[in-house]
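Okay, so here's the structure we're looking at.
The values are calculated or read from the model by the stated rules, or taken from the named source; none is laboratory data. A quick note: this is a predicted structure, and the numbers were derived from the prediction, not measured. Cβ placement follows ideal geometry from the backbone for every residue including glycine, while neighbour counts extend to all protein chains displayed. Heads up: the accessible areas ignore ligands, DNA and RNA and are worked out on the full protein's heavy atoms, side chains in. Shrake-Rupley method; radii C 1.70, N 1.55, O 1.52, S 1.80 Å.
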Amino acid sequence: ENFLGELKGNGLQLSYLPPFPFYLNLELGGWKLDELDAGAFGFRDWLATARFLASFALGERAELQVGGGGALGSGPGSAIQKDELGLVEADLTFKGYPGAYGRFVFQNEFHALIRTSTALASGSYKRFGFYNLISWKPGKRWELAARFDLCQGTADGDEAWGKRVTLAVTRSFTEATFLRLEYALDPDLSTHSLACQLVFGLGPHTHPIK
């Protein structure tokens, strides 16, 4: 959210599963975005995306997922300025399945943002961020999760690292309906937030929601 801003628009995404002995999904996308609000940061006008995800079995009850991707588009500057944004990400996820419904997830994701603009005093800058997520699902209905985020600011000259700690409890009712209670702490600003989500899917072919 800090790097991408609020993405709104329409586009096209293509995916391909090569006939390899392991799972590999390749994706390419192109998007026409709505205009940003005044003073907001993020991609503006257009966006191109690419991503891959590979999964390798580690025995019968575990798997390792390796992913990576990127995005390239116009930055938040005005249309008459040269303003380009690039984002690169890499992720590594371990999943273990100790029982019929049990699941353990340890996920790590790294992001690098590069902005080049004639509106910047420095001409360009780089920013970095990452997060760690641990979740545990002991049975069919309940799941506990903890996440730690560390990310630099997006303003020119702002290289400070922002932190956030998030704890979540999820109660699933069906594969496509769950209730989640989430608590977040920003230790630098000493702010606390509490959110409650009810997520559900409709239709005869509703898929499981993560």
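Just add up the charged neighbours of Phe52: K/R +1, D/E -1, any other residue whose Cβ is under 15 Å from the Cβ of Phe52.
Counting the neighbours of Phe52, the net charge comes to -3.
Classify the stretch 87-184 as rounded, prolate or oblate, taking a ≥ b ≥ c as the square roots of the eigenvalues of its Cα gyration tensor: rounded when a/c is under 1.5, otherwise prolate if a/b is larger than b/c and oblate if not.
Here the stretch 87-184 falls in the prolate category.
Please check: in the Gaussian network model of the chain (C-alpha springs, under 10 Å), which one of Gly11, Gly73, Gly30 has the largest mean-square fluctuation.
Highest fluctuation of the listed residues: Gly11.
If ligands, DNA and RNA are left out, what is the accessible area of Tyr16 with a 1.4 Å probe, given in Å² to the nearest 10?
Approximately 130 Å² of Tyr16 is accessible to the 1.4 Å probe.
Which of the aspartates and glutamates could be linked to Lys163 by a straight reach, that is with a Cα gap under 16 Å, when you skip same-chain ones fewer than 8 residues away?
In chain and number order, the partners are Glu1, Glu109, Asp149, Asp186, Asp188.
How would you order 57-69, 84-96, 189-201 from highest to lowest mean count of nearby Cβ atoms within 10 Å?
84-96, 57-69, 189-201
With a point put 7 Å past each Cα toward its Cβ, work out how far Val199 is from Leu64 in nm, to one decimal.
Each label point lies 7 Å from its Cα, and together they span 2.7 nm.
Using each residue's phi in the stretch 27-32, evaluate 6.51 cos²θ - 1.76 cosθ + 1.60 at θ = phi - 60° and report the 3J(HN,Hα) Karplus result to the nearest Hz, with x for Gly and Pro.
These are the phi-based 3J(HN,Hα) values: 9, 9, x, x, 9, 9 Hz.
Which of the residue pairs Lys8/Lys126; Lys32/Lys126; Lys95/Lys137 have a Cα-Cα distance greater than 18 Å in the structure shown?
Checking Cα-Cα distances, Lys8/Lys126; Lys32/Lys126 exceed 18 Å.
Using amide H atoms built 1.01 Å from N in the peptide plane, name the residues 5+ places from Gly153, or on other chains, whose amide H lies under 5 Å from its own.
Here the answer is Ala160, Gly162, since their amide H atoms fall under 5 Å of that of Gly153.
How large is the charge dipole for the chain, taken about the Cα centre, if only the Cβ atoms of Lys, Arg (+1) and Asp, Glu (-1) carry charge, to the nearest 20 debye?
With only Lys, Arg, Asp and Glu charged at Cβ, the dipole is about 760 debye.
Over the chain, with every protein chain in place, what whole percent of the accessible area is carbon and sulfur at 1.4 Å, could you tell me?
C and S atoms contribute 62 percent here.
For the chain, which semi-axes, largest first and in whole Å, follow from the square roots of 5 times the eigenvalues of its Cα gyration tensor?
33, 22, 18
Quick check for you: with a 1.4 Å probe and neighbouring chains kept, what is the accessible area per residue of the chain, in Å²?
Per-residue accessible area for the chain comes out at 62 Å².
Kindly state, to the nearest 0.05, the FRET efficiency for Leu185 paired with Ser55, given R0 = 35 Å and r defined as their beta-carbon distance.
The pair Leu185/Ser55 has a calculated efficiency of 0.60.
Using θ = phi - 60° and the Karplus curve 6.51 cos²θ - 1.76 cosθ + 1.60, what whole-Hz ³J(HN,Hα) does each residue of the stretch 14-20 get, with Gly and Pro shown as x?
Couplings: 10, 10, 9, 10, x, x, 9 Hz.
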